[in-house]
1. If I histogram all Cα-Cα distances within region 51-178 using bins 5 Å wide from 0, what percent of pairs lands in each bin?
2. Separation of region 380-423 and region 302-374 by C-alpha centroid, Å?
3. Using 0.36 nm per residue of separation minus the Cα-Cα distance, give me the extension gain between S337 and V164 in nm, one decimal.
4. By its C-alpha gyration tensor, with a ≥ b ≥ c as the square roots of the eigenvalues, how is region 323-419 shaped: rounded for a/c under 1.5, else prolate for a/b larger than b/c, else oblate?
5. Summarise the long-distance tail of P(r) for the chain by giving the % of C-alpha pairs beyond 43 Å.
6. Compute the distance from the alpha-carbon center of region 267-288 to that of region 19-78, in whole Å.
7. At a Förster distance of 56 Å, what's the computed FRET efficiency of L129 paired with T236, Cβ-Cβ distance as r, to 0.05?
8. How much FRET efficiency would the formula 1/(1 + (r/R0)^6) give for A271 and D369, where r is the Cβ-Cβ distance and R0 is 45 Å, rounded to 0.05?
Amino acid sequence: MKILVVGSGGREHAIAHALARSPQQPELLCAPGNPGIRALARQVASGQEVDEVVAAAQAEGVDLVVVGPEAPLVAGLVDALQAVDIPAFGPSAAAAQLEGSKTFAKEIMIAAGVPTGGHAVVATVDEGLAAITSYPAVVKFDGLAAGKGVVIAVDEAAAREALVDMLETKVFGDGEVFVEEFLEGDEVSLLALCDGERAIPLAPARDFKRALDGDEGPNTGGMGAFSPVPGVDPDTLAEYSAIVHQPIVDELARRGTPFHGVLYAGLMLTAAGPRVLEYNTRFGDPETQVVLPRLRSDLADLMLRATRPGGLAGAELDVDPRSAVTVVLASRGYPASSSKGDVIEGVDAAGALDDVTVFHAGTGGGEGDAPLVTNGGRVLAVTALGDALGSARERAYAGAESIAFDGRQLRGDIALAASRLPA
């Protein structure tokens, strides 16, 4: 079995790592991969553009393509692969609009009866400010923005700055902007495998978006995560999935655009119940780095089954009862900028620790005598398993402290509060 993994980040390394554990022992290929992924997979394309990936998949005669990032999904990579009879794990371009357009996602949520926050689409800064009735308020860019198109505005000045950036300066390009009510509670990330007819939830996770300890500083793509989430037991997980996953799968099937792949629901657990903050149409990052290490089922088999209508019928997931914690190491300047070319030391030492895995994200070099260097904002994610969140957390930080590079940034409080809750 040949599987091609598309993407170059920590999420894709975690996917490749899980696929490598499959009892089917698939041959792994990557496009383009990163130094960590290429230790598991053979590179067959230099990028992830639609035409290049399709050509590589055809030339290699792959049995499955797994699409990691959102941009190729929205660009129609799955559609192009299906057109040449190559199974692809991921949604069509039409279904991927759940992530590609936040306005479309709101429309689907309302049609499907999924609980979410109130919102208003605005065309000018003044319209946006007039639509905000209280602070904090949320300002969102409609299209893809690499996880940075959401601003929580604490006052009018912050809201005005965000609206100017998105509507006038167009820092994320052309696209609609809307303001949304601020929801309070605890966040949970729920991912589900979908086959166009049903949604099967994976283990819940919680990530940390702010750059600094105590949830201070600017939003990032994610500085760490943990799984499981206290209070979300298997029964509660099934209940939430029935509210936030299955209605979306049903609604998209009704519209003739069935959803295959991973449906990610970002939830806020409010006093009134769960409310959806956003949907992603692929594995989350860094949630994947804690969810997949806990999955004992054959991921290759599940992904292939998910490409077929109804293919996940009867599937039951085997989940490791242990906890997982991942700590992201970021480069100097992140998230406003990133430092490239700084030599990284200690990755092998970290990975040699018991139950610790280091996932590459923004790394380069590492081939032959070339040193491993930073090549992006989020550089590495150090994941550890433990019998409880506390022990997993200790191992993850022990791994993180084994790694050094100039300008290294990390949060010191990933999973800290949750680890102190009664078991």
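1. Values per bin, smallest distances first: 2, 10, 18, 17, 15, 12, 9, 8, 5, 4, 1, 0.
2. Value for the Cα centre distance between the two parts: 14 Å.
3. Numbers: separation 173, 0.36 × 173 = 62.28 nm, distance 2.05 nm.
Working it through step by step, the gained length comes to 60.2 nm.
4. Oblate.
5. 6
6. 27
7. 0.90
8. 0.20
Just so you know, all these numbers are worked out from the coordinates, no wet-lab data involved. None of these values were measured; they are calculated from a predicted model. Cβ coordinates were reconstructed from backbone atoms using ideal geometry, including for glycine residues, and neighbour counts include every protein chain displayed.
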